[in-house]
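For reference, the structure is listed below as C-alpha coordinates.
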Amino acid sequence: MKTTGFVFLLLAFFAIGVVQGQLRVGFYSNTCPDAESIVSSVVRNAAQSISNIPPVLLRLHFHDCFVEGCDGSILIENGPKAERHAFGHQGVGGFEVIGQAKAQLEATCPGVVSCADIVALAARDAIALANGPSYEVPTGRRDGRVSDVSLAANMPDVSDSIQQLKAKFLQKGLSEKDLVLLSAAHTIGTTACFFMTKRLYKFSPAAGSDPAINPDFLPQLQSICPQNGDVNVRLPMDRGSERTFDKQILDNIRNGFAVLESDARLYDDETTRTVVDSYFGILTPIFGPSFESDFVDSIVKMGQIGVKTGSKGEIRRVCTAFN
(Lines give C-alpha, C1' and ligand atoms only; values in the text may rest on other atoms or scores of the structure.)
Protein backbone atom coordinates (compact mmCIF):
# COMPACT_ATOMS: atom_id res chain seq x y z
CA MET A 1 0.00 0.00 0.00
CA LYS A 2 2.83 2.38 0.87
CA THR A 3 4.51 1.70 -2.46
CA THR A 4 1.26 2.17 -4.34
CA GLY A 5 0.63 5.46 -2.56
CA PHE A 6 4.12 6.68 -3.35
CA VAL A 7 3.72 5.83 -7.04
CA PHE A 8 0.37 7.63 -7.07
CA LEU A 9 1.98 10.75 -5.63
CA LEU A 10 4.73 10.59 -8.22
CA LEU A 11 2.20 10.28 -11.03
CA ALA A 12 0.16 13.13 -9.60
CA PHE A 13 3.25 15.31 -9.35
CA PHE A 14 4.24 14.45 -12.92
CA ALA A 15 0.73 15.22 -14.15
CA ILE A 16 0.84 18.65 -12.49
CA GLY A 17 4.15 19.34 -14.25
CA VAL A 18 2.65 18.42 -17.60
CA VAL A 19 -0.41 20.58 -17.00
CA GLN A 20 1.81 23.52 -16.10
CA GLY A 21 3.52 23.08 -19.45
CA GLN A 22 7.12 23.09 -18.20
CA LEU A 23 9.74 24.09 -20.76
CA ARG A 24 11.27 21.22 -22.66
CA VAL A 25 13.29 20.66 -25.80
CA GLY A 26 11.02 19.73 -28.69
CA PHE A 27 7.87 21.20 -27.13
CA TYR A 28 6.36 21.73 -30.60
CA SER A 29 7.46 18.41 -32.13
CA ASN A 30 3.85 17.20 -32.39
CA THR A 31 1.84 20.44 -32.60
CA CYS A 32 4.11 22.33 -35.02
CA PRO A 33 7.01 20.08 -36.10
CA ASP A 34 8.50 22.67 -38.49
CA ALA A 35 8.46 25.52 -35.93
CA GLU A 36 12.19 25.67 -35.27
CA SER A 37 13.17 25.27 -38.93
CA ILE A 38 10.78 28.09 -39.89
CA VAL A 39 12.38 30.45 -37.36
CA SER A 40 15.86 29.43 -38.52
CA SER A 41 14.97 30.12 -42.13
CA VAL A 42 13.61 33.58 -41.36
CA VAL A 43 16.68 34.49 -39.30
CA ARG A 44 19.05 33.20 -41.97
CA ASN A 45 17.28 35.16 -44.70
CA ALA A 46 17.28 38.32 -42.60
CA ALA A 47 21.02 37.99 -41.95
CA GLN A 48 21.72 37.79 -45.67
CA SER A 49 20.33 41.29 -46.18
CA ILE A 50 21.12 42.86 -42.79
CA SER A 51 24.60 41.91 -41.56
CA ASN A 52 24.08 42.97 -37.94
CA ILE A 53 21.00 40.79 -37.36
CA PRO A 54 22.84 38.19 -35.19
CA PRO A 55 23.85 40.62 -32.39
CA VAL A 56 20.52 42.44 -32.67
CA LEU A 57 18.50 39.26 -32.06
CA LEU A 58 20.80 38.14 -29.25
CA ARG A 59 20.37 41.49 -27.50
CA LEU A 60 16.59 41.33 -27.97
CA HIS A 61 16.48 38.01 -26.10
CA PHE A 62 18.49 39.41 -23.19
CA HIS A 63 16.35 42.53 -22.89
CA ASP A 64 13.13 40.54 -23.08
CA CYS A 65 14.18 38.17 -20.30
CA PHE A 66 15.35 40.90 -17.92
CA VAL A 67 11.90 42.53 -17.71
CA GLU A 68 8.95 40.41 -16.56
CA GLY A 69 10.85 37.28 -17.59
CA CYS A 70 11.20 35.75 -21.06
CA ASP A 71 7.61 36.41 -22.13
CA GLY A 72 7.77 38.59 -25.24
CA SER A 73 6.70 41.69 -23.31
CA ILE A 74 9.29 43.80 -25.12
CA LEU A 75 7.58 43.08 -28.45
CA ILE A 76 4.31 44.82 -27.56
CA GLU A 77 3.66 48.14 -29.31
CA ASN A 78 0.63 49.77 -27.70
CA GLY A 79 1.73 53.36 -27.31
CA PRO A 80 4.41 55.39 -25.50
CA LYS A 81 3.93 53.46 -22.25
CA ALA A 82 4.90 50.16 -23.86
CA GLU A 83 7.97 48.49 -22.36
CA ARG A 84 9.96 48.66 -25.60
CA HIS A 85 10.20 52.47 -25.23
CA ALA A 86 12.12 52.27 -21.94
CA PHE A 87 15.42 54.18 -21.74
CA GLY A 88 17.20 50.92 -20.92
CA HIS A 89 16.01 49.40 -24.20
CA GLN A 90 17.54 52.09 -26.41
CA GLY A 91 18.78 50.62 -29.67
CA VAL A 92 17.07 47.26 -29.20
CA GLY A 93 15.79 45.94 -32.53
CA GLY A 94 14.94 42.80 -34.45
CA PHE A 95 11.19 43.20 -33.95
CA GLU A 96 10.47 42.88 -37.66
CA VAL A 97 12.33 39.55 -37.87
CA ILE A 98 10.29 38.13 -35.00
CA GLY A 99 7.15 39.41 -36.70
CA GLN A 100 8.06 37.71 -39.97
CA ALA A 101 8.69 34.40 -38.22
CA LYS A 102 5.40 34.70 -36.36
CA ALA A 103 3.48 35.38 -39.58
CA GLN A 104 4.91 32.25 -41.20
CA LEU A 105 4.20 30.17 -38.09
CA GLU A 106 0.62 31.42 -37.90
CA ALA A 107 0.12 30.43 -41.52
CA THR A 108 1.46 26.95 -40.77
CA CYS A 109 0.29 26.26 -37.20
CA PRO A 110 -2.10 29.02 -36.07
CA GLY A 111 -2.25 29.75 -32.36
CA VAL A 112 0.50 27.31 -31.39
CA VAL A 113 3.97 28.93 -31.16
CA SER A 114 4.49 31.81 -28.73
CA CYS A 115 6.34 35.00 -29.57
CA ALA A 116 8.47 34.47 -26.46
CA ASP A 117 9.73 31.15 -27.86
CA ILE A 118 10.41 32.74 -31.24
CA VAL A 119 12.68 35.30 -29.54
CA ALA A 120 14.63 32.55 -27.73
CA LEU A 121 14.94 30.41 -30.86
CA ALA A 122 15.98 33.38 -33.01
CA ALA A 123 18.77 34.23 -30.55
CA ARG A 124 20.04 30.65 -30.75
CA ASP A 125 20.03 30.78 -34.56
CA ALA A 126 21.74 34.18 -34.51
CA ILE A 127 24.60 32.82 -32.41
CA ALA A 128 25.08 29.92 -34.83
CA LEU A 129 25.24 32.34 -37.78
CA ALA A 130 28.13 34.12 -36.03
CA ASN A 131 30.03 30.80 -35.75
CA GLY A 132 29.02 30.40 -32.13
CA PRO A 133 27.93 27.19 -30.41
CA SER A 134 24.80 25.32 -31.46
CA TYR A 135 22.45 24.27 -28.70
CA GLU A 136 18.95 23.04 -27.94
CA VAL A 137 16.40 25.57 -26.69
CA PRO A 138 13.79 24.39 -24.18
CA THR A 139 10.45 25.76 -25.39
CA GLY A 140 6.91 26.02 -24.12
CA ARG A 141 6.91 29.65 -22.99
CA ARG A 142 3.67 31.56 -23.22
CA ASP A 143 3.40 35.26 -23.98
CA GLY A 144 2.90 37.73 -21.15
CA ARG A 145 -0.08 40.03 -20.83
CA VAL A 146 1.79 43.03 -19.37
CA SER A 147 3.97 45.63 -21.09
CA ASP A 148 4.82 48.71 -19.06
CA VAL A 149 7.74 51.05 -19.62
CA SER A 150 8.19 51.51 -15.86
CA LEU A 151 8.98 47.82 -15.39
CA ALA A 152 12.22 48.23 -17.38
CA ALA A 153 13.64 50.86 -15.02
CA ASN A 154 16.22 48.52 -13.50
CA MET A 155 17.95 47.13 -16.59
CA PRO A 156 21.71 46.56 -16.34
CA ASP A 157 23.46 49.69 -17.60
CA VAL A 158 26.86 50.28 -19.19
CA SER A 159 27.78 52.68 -16.38
CA ASP A 160 26.81 50.33 -13.52
CA SER A 161 29.47 49.40 -10.99
CA ILE A 162 30.41 45.75 -10.68
CA GLN A 163 28.43 45.61 -7.43
CA GLN A 164 25.32 46.90 -9.20
CA LEU A 165 25.75 44.46 -12.06
CA LYS A 166 26.15 41.52 -9.72
CA ALA A 167 23.08 42.56 -7.74
CA LYS A 168 20.91 42.95 -10.84
CA PHE A 169 21.92 39.52 -12.15
CA LEU A 170 21.48 37.90 -8.75
CA GLN A 171 17.97 39.35 -8.60
CA LYS A 172 17.20 37.29 -11.72
CA GLY A 173 18.74 34.14 -10.29
CA LEU A 174 21.97 34.53 -12.26
CA SER A 175 25.44 34.09 -10.76
CA GLU A 176 28.68 36.03 -11.16
CA LYS A 177 29.74 33.41 -13.71
CA ASP A 178 26.53 34.01 -15.66
CA LEU A 179 27.26 37.75 -15.56
CA VAL A 180 30.64 37.21 -17.19
CA LEU A 181 29.37 34.79 -19.82
CA LEU A 182 26.29 36.77 -20.79
CA SER A 183 28.38 39.96 -20.97
CA ALA A 184 30.63 38.05 -23.36
CA ALA A 185 27.72 38.08 -25.80
CA HIS A 186 29.17 41.51 -26.64
CA THR A 187 31.66 39.53 -28.71
CA ILE A 188 29.43 40.32 -31.69
CA GLY A 189 27.90 43.63 -32.66
CA THR A 190 28.49 47.33 -32.20
CA THR A 191 27.66 50.09 -29.78
CA ALA A 192 27.11 53.83 -30.24
CA CYS A 193 29.44 56.62 -29.14
CA PHE A 194 26.49 57.79 -27.02
CA PHE A 195 27.37 55.00 -24.57
CA MET A 196 31.10 55.90 -24.61
CA THR A 197 31.07 59.61 -23.73
CA LYS A 198 31.26 59.20 -19.95
CA ARG A 199 33.96 56.54 -20.12
CA LEU A 200 36.15 58.53 -22.50
CA TYR A 201 35.73 62.09 -21.23
CA LYS A 202 33.80 62.32 -17.95
CA PHE A 203 34.74 59.20 -16.04
CA SER A 204 35.58 61.00 -12.79
CA PRO A 205 36.62 64.48 -11.62
CA ALA A 206 40.17 63.23 -11.19
CA ALA A 207 40.45 61.40 -14.51
CA GLY A 208 38.89 62.39 -17.81
CA SER A 209 38.93 58.82 -19.09
CA ASP A 210 38.57 55.42 -17.45
CA PRO A 211 42.08 54.43 -16.26
CA ALA A 212 41.23 50.79 -17.05
CA ILE A 213 41.49 51.57 -20.77
CA ASN A 214 44.82 50.44 -22.23
CA PRO A 215 46.86 53.61 -23.05
CA ASP A 216 47.42 52.33 -26.58
CA PHE A 217 43.69 51.82 -27.07
CA LEU A 218 42.44 55.13 -25.69
CA PRO A 219 43.48 57.27 -28.71
CA GLN A 220 41.73 54.81 -31.03
CA LEU A 221 38.48 55.08 -29.10
CA GLN A 222 38.70 58.85 -28.91
CA SER A 223 39.34 59.15 -32.64
CA ILE A 224 36.15 57.18 -33.36
CA CYS A 225 34.16 58.99 -30.67
CA PRO A 226 35.63 62.51 -30.37
CA GLN A 227 34.40 64.79 -27.63
CA ASN A 228 31.25 66.65 -28.76
CA GLY A 229 31.20 64.46 -31.89
CA ASP A 230 28.35 62.49 -33.46
CA VAL A 231 27.00 60.23 -30.69
CA ASN A 232 25.34 57.97 -33.28
CA VAL A 233 28.62 56.74 -34.77
CA ARG A 234 29.03 53.04 -34.06
CA LEU A 235 32.07 50.97 -33.14
CA PRO A 236 32.65 47.25 -32.51
CA MET A 237 32.23 46.05 -28.92
CA ASP A 238 34.85 43.33 -29.42
CA ARG A 239 38.09 44.76 -30.77
CA GLY A 240 39.34 42.60 -33.62
CA SER A 241 36.55 40.02 -33.57
CA GLU A 242 33.20 41.75 -33.81
CA ARG A 243 31.65 39.36 -36.35
CA THR A 244 32.69 36.07 -34.76
CA PHE A 245 31.21 34.63 -31.59
CA ASP A 246 34.27 33.70 -29.53
CA LYS A 247 36.06 34.43 -26.25
CA GLN A 248 38.24 37.19 -27.74
CA ILE A 249 36.18 39.76 -25.83
CA LEU A 250 37.26 38.21 -22.53
CA ASP A 251 40.92 38.46 -23.56
CA ASN A 252 40.30 42.09 -24.50
CA ILE A 253 38.83 42.69 -21.03
CA ARG A 254 41.96 41.19 -19.43
CA ASN A 255 44.25 43.49 -21.40
CA GLY A 256 42.42 46.79 -21.13
CA PHE A 257 40.80 46.63 -24.56
CA ALA A 258 37.20 46.42 -23.37
CA VAL A 259 35.00 48.90 -25.22
CA LEU A 260 32.01 49.06 -22.88
CA GLU A 261 32.53 50.30 -19.34
CA SER A 262 30.39 47.49 -17.90
CA ASP A 263 32.61 44.90 -19.62
CA ALA A 264 35.74 46.49 -18.18
CA ARG A 265 34.24 46.35 -14.69
CA LEU A 266 34.24 42.53 -14.84
CA TYR A 267 37.99 42.71 -14.19
CA ASP A 268 37.58 44.93 -11.11
CA ASP A 269 36.06 42.18 -8.97
CA GLU A 270 37.99 39.15 -7.75
CA THR A 271 35.17 36.68 -8.42
CA THR A 272 34.35 37.83 -11.96
CA ARG A 273 38.05 38.34 -12.76
CA THR A 274 38.70 34.71 -11.82
CA VAL A 275 35.94 33.58 -14.16
CA VAL A 276 37.40 35.64 -17.03
CA ASP A 277 40.91 34.29 -16.41
CA SER A 278 39.70 30.69 -16.18
CA TYR A 279 39.28 30.54 -19.96
CA PHE A 280 42.94 31.38 -20.61
CA GLY A 281 44.88 28.95 -18.42
CA ILE A 282 47.77 26.98 -19.87
CA LEU A 283 45.83 23.73 -19.53
CA THR A 284 42.41 25.17 -20.40
CA PRO A 285 42.44 23.81 -24.00
CA ILE A 286 42.87 20.29 -22.57
CA PHE A 287 40.98 20.26 -19.29
CA GLY A 288 38.62 23.19 -19.71
CA PRO A 289 36.55 25.05 -18.83
CA SER A 290 34.99 25.50 -22.26
CA PHE A 291 33.79 29.03 -22.95
CA GLU A 292 31.29 27.84 -25.55
CA SER A 293 29.78 25.17 -23.29
CA ASP A 294 29.58 27.51 -20.31
CA PHE A 295 27.98 30.23 -22.41
CA VAL A 296 25.29 27.81 -23.56
CA ASP A 297 24.56 26.87 -19.94
CA SER A 298 24.18 30.54 -19.02
CA ILE A 299 21.96 31.57 -21.93
CA VAL A 300 19.69 28.55 -21.47
CA LYS A 301 19.46 29.45 -17.79
CA MET A 302 18.67 33.07 -18.67
CA GLY A 303 16.02 31.86 -21.08
CA GLN A 304 14.05 30.38 -18.18
CA ILE A 305 13.80 33.58 -16.11
CA GLY A 306 10.22 34.23 -15.07
CA VAL A 307 8.68 32.20 -17.89
CA LYS A 308 4.91 31.90 -18.15
CA THR A 309 3.66 28.40 -18.85
CA GLY A 310 0.34 26.61 -18.89
CA SER A 311 -2.53 29.01 -18.15
CA LYS A 312 -0.27 31.87 -17.01
CA GLY A 313 0.02 33.49 -20.41
CA GLU A 314 -1.33 33.42 -23.94
CA ILE A 315 -0.25 32.61 -27.48
CA ARG A 316 -0.46 35.93 -29.29
CA ARG A 317 -1.77 36.01 -32.82
CA VAL A 318 0.46 39.01 -33.56
CA CYS A 319 3.61 39.61 -31.51
CA THR A 320 3.12 43.36 -31.19
CA ALA A 321 -0.35 43.15 -29.61
CA PHE A 322 -2.13 41.29 -26.84
CA ASN A 323 -4.98 39.04 -27.97
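The values are calculated or read from the model by the stated rules, or taken from the named source; none is laboratory data. Predicted model only: the values in this text are computed from it and were never measured. We place every Cβ from the backbone using ideal geometry, glycine too, and count neighbours over all the protein chains shown. Note: areas computed on protein heavy atoms with side chains; ligands, DNA, RNA excluded. Shrake-Rupley method; radii C 1.70, N 1.55, O 1.52, S 1.80 Å.
When you check Thr271 against the structure, is it open to solvent by 20 Å² or more (accessible area, probe 1.4 Å), of a type in the set (S, T, N, Q) and under 29 Å from Pro285 (Cα atoms), yes or no? Taking the combined requirement at face value, the residue satisfies it. Examine the stretch 70-77 for a residue that is under 20 Å from Phe322 (Cβ atoms), surrounded by fewer than 21 Cβ atoms within 10 Å (Cβ to Cβ) and touching a residue at least 12 places away in the same chain (Cβ under 8 Å), and state whether such a residue exists. Yes.
Within the stretch 141-191, the set of residues being polar (S, T, N, Q), assigned to a helix (DSSP H, G or I) and more than 25 Å from Val296 (Cβ to Cβ) comprises Ser150, Gln163, Gln164. Report yes if some residue within the stretch 283-299 is within 30 Å of Asp148 (Cβ to Cβ) and surrounded by 14 or more Cβ atoms within 10 Å (Cβ to Cβ); otherwise report no. Yes, some residue in the stretch 283-299 is within 30 Å of Asp148 (Cβ to Cβ) and surrounded by 14 or more Cβ atoms within 10 Å (Cβ to Cβ). Condition first: hydroxyl-bearing (Ser, Thr, Tyr), open to solvent by 40 Å² or more (accessible area, probe 1.4 Å) and over 26 Å from the mean Cα position of the chain (by Cα). Now tell me which residues in the stretch 165-220 satisfy that. Across the stretch 165-220, the qualifying residues are Tyr201, Ser204.
Within 30 Å of Glu106 (Cα to Cα) and open to solvent by less than 60 Å² (accessible area, probe 1.4 Å): is that true of Gly306 in this structure? Taking the combined requirement at face value, the residue satisfies it.
Taking the listed residues Leu266, Leu250, Leu235, the one that is open to solvent by less than 20 Å² (accessible area, probe 1.4 Å), among the hydrophobic types (A, V, I, L, M, F, W, C) and in contact with a strand residue (DSSP E or B) (Cβ under 9 Å, 6 or more places away or on another chain) is Leu235, with no other qualifying.
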